[in-house]
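Here the structure is laid out as structure tokens; the discussion comes afterwards.
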Amino acid sequence: MHKTLITTLLCLSSFASLADNINNPTIEILATGGTIAGVASSQTSSSYKAGKLTAEQLISSVNGLSNLANIKYEQVYNKDSGDVTLNDWLKLYGEVQKAAENPSINAIVITHGTDTLDETAYFLELTAKTTKPIVLVGAMRPATSMSADGPLNLYNAVAVAANKDSTGRGVMVAMNEKIFDGREVYKTNTTSVDTFEAPNDGPIGTVFMGKVEYKSKTVRPNTVNTPFNLNGVTSLPDVAIIYEHVGVNTEMLDHILDTKNLKGIIIAGVGDGNIPSYEKDFLTKARKKGIVIVRSSHVGSGHVTYDYNNLDTTYGLVSGDDLSPSKARILLMLSLMKTSDIKQIQEYFDKY
Ligand code: SIN
């Protein structure tokens with residue numbers, strides 16, 4: 001009798017979250033590795049190997065997923081996300097597009113290492129051509145850890161993907177009960193489970209035990225509303241990042257300009273995207289070589305003021321808005337596939 005009551009209550013709570021779902025959704029989980037698939041030698045060890053469990057093992061460790069959706073899966077790769085390459089991104093993009101174009105799939109969840117999850121989210125936000133929900137998820141503790149965060153994060157990510165209000169929101173990240181827009185999200189703490197934040201805009205919603213609540217909309221145009229198309233693309237332009245600091249050795253900077261095929265540079269400036277005045281020769285040389293330079297900041301939040309210190313008009317630079325250096329690099333790579341005109345690239349940075 002007691003057991004029957006518990007079962008009935010469990011079923012009712014499943015129906016409560018199912019009511020908000022797309023009707024009988026099918027979700028494809030694209031597994032790429034990371035700590036969510038990580039294995040350690042003990043439950044409390046801080047040293048472990050990321051990308052060990054297969055997609056199948058990951059999914060079967062999460063109870064209740066089949067109450068939310070029909071689950072399909074694909075192992076795209078199984079890596080520490082620090083090892084993800086641009087070719088891996090193109091492969092992942094291809095898998096996302098395949099699922100997006102498959103009429104029997106309603107939404108996509110990508111399991112990913114947290115170290116570069118925010119970069120992958122923005123890359124797909126700019127390139128995936130679909131209005132179907134795409135939700136990235138990871139974990140800060142390996143699957144074998146005491147209080148592993150992966151299973152509930154994955155459950156919640158599937159709930160977000162299955163939710164009827166998730167369509168048309170571009171790429172999202174569901175971590176630690178919060179939902180973020182893929183452009184705005186950043187990893188902010190090296191070890192905490194509450195590491196993902198959107199410093200400029202905050203989360204767009206919450207997901208608690210599968211219950212999804214949105215509080216704001218994704219504002220920037222994304223996915224189907226960007227001009228960046230990767231169909232048939234096999235490589236991306238080379239863009240370097242220079243991290244400004246006290247006492248930069250300009251001889252080292254000059255060596256960067258010898259890099260074959262270098263098309264762009266992101267300056268991770270100090271403060272408001274500022275660049276030391278003694279780098280003026282470097283900036284001039286780089287621009288003469290046709291290298292496009294975008295100013296961003298390594299402060300961690302806030303916008304870079306257009307033409308701060310007259311840098312943009314003096315040297316012909318692009319102002320990187322509120323993108324971090326690594327996200328500015330993604331937008332510059334994609335922009336350079338279309339143009340090297342800095343006026344047009346500035347427009348891309350103002351918009352996307
Ligand atoms: C990784 O990014 O693959 C390792 C770290 C993590 O997933 O938290």
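The values are calculated or read from the model by the stated rules, or taken from the named source; none is laboratory data. For clarity, every value in this text was computed on a predicted model and none was experimentally measured. For neighbour counting, all protein chains shown are included, and Cβ atoms are generated from backbone atoms with ideal geometry for every residue, glycine included. SASA here: full protein model, heavy atoms, side chains in, ligands and nucleic acids out. Shrake-Rupley method; radii C 1.70, N 1.55, O 1.52, S 1.80 Å.
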Exercise. From Cα coordinates alone, what are the radius of gyration and Dmax values for region 26-75 in angstrom?
Worked result: 12.3, 36
For this session: Could you work out the relative contact order of region 20-59, using alpha carbon pairs under 8 angstrom and six or more residues apart, expressed as a whole percent?
Result: 37
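With a ≥ b ≥ c taken as the square roots of the eigenvalues of the C-alpha gyration tensor of region 66-108, please select rounded if a/c is under 1.5 and otherwise prolate if a/b is larger than b/c or oblate if it is not?
Values: a/c = 3.59, a/b = 1.67, b/c = 2.15.
It comes out oblate by the Cα gyration axes.
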For this session: Could you pull the Cα extents of region 132-286 along its three principal axes, largest to smallest, in whole Å?
Result: 56, 39, 29
Problem set entry | For peptides 87-97, 238-248, sequence by mean Cβ density within 10 Å, most packed first | 87-97, 238-248
Exercise. In nm², what is the average projected area of the convex hull enclosing the Cα atoms of region 283-326?
Worked result: 3.1
Exercise. Where nothing but the Cβ of Lys and Arg (+1) and of Asp and Glu (-1) is charged, how large is the charge dipole of the chain around its Cα centre, in debye to the nearest 20?
Worked result: 660
Exercise. Using the scaling law 2.2 N^0.38 Å as the reference, what is the normalised Cα Rg of region 2-225?
Worked result: 0.95
Seminar exercise, completed: Percent relative contact order for the chain, counting Cα pairs under 8 Å at least six residues apart, stands at 13
Problem set entry | Where only C-alpha atoms are counted, convex hull volume of region 52-172 per residue in Å³ | 98
Exercise. What is region 36-137's relative contact order, in percent, from Cα pairs under 8 angstrom and six or more apart in sequence?
Worked result: 23
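Nearest 0.05, what FRET efficiency do residue 44 and residue 87 give at R0 = 35 Å with Cβ-Cβ as r?
E(calc), rounded to 0.05, equals 0.45.
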Seminar exercise, completed: residue 346 neighbourhood, Cβ < 12 Å, K/R = +1, D/E = -1, net charge -3
Problem set entry | Heavy-atom accessible surface of the chain: percent carbon and sulfur, 1.4 Å | 51
Problem set entry | Shape of region 238-351, Cα gyration tensor, a/c cut at 1.5 | rounded
Seminar exercise, completed: Under the 7 Å Cα-to-Cβ spin-label approximation, residue 57 and residue 235 lie apart by a distance in nanometres of 3.6
Problem set entry | For the chain, accessible area per residue (1.4 Å probe, heavy atoms of protein chains only), Å² | 45
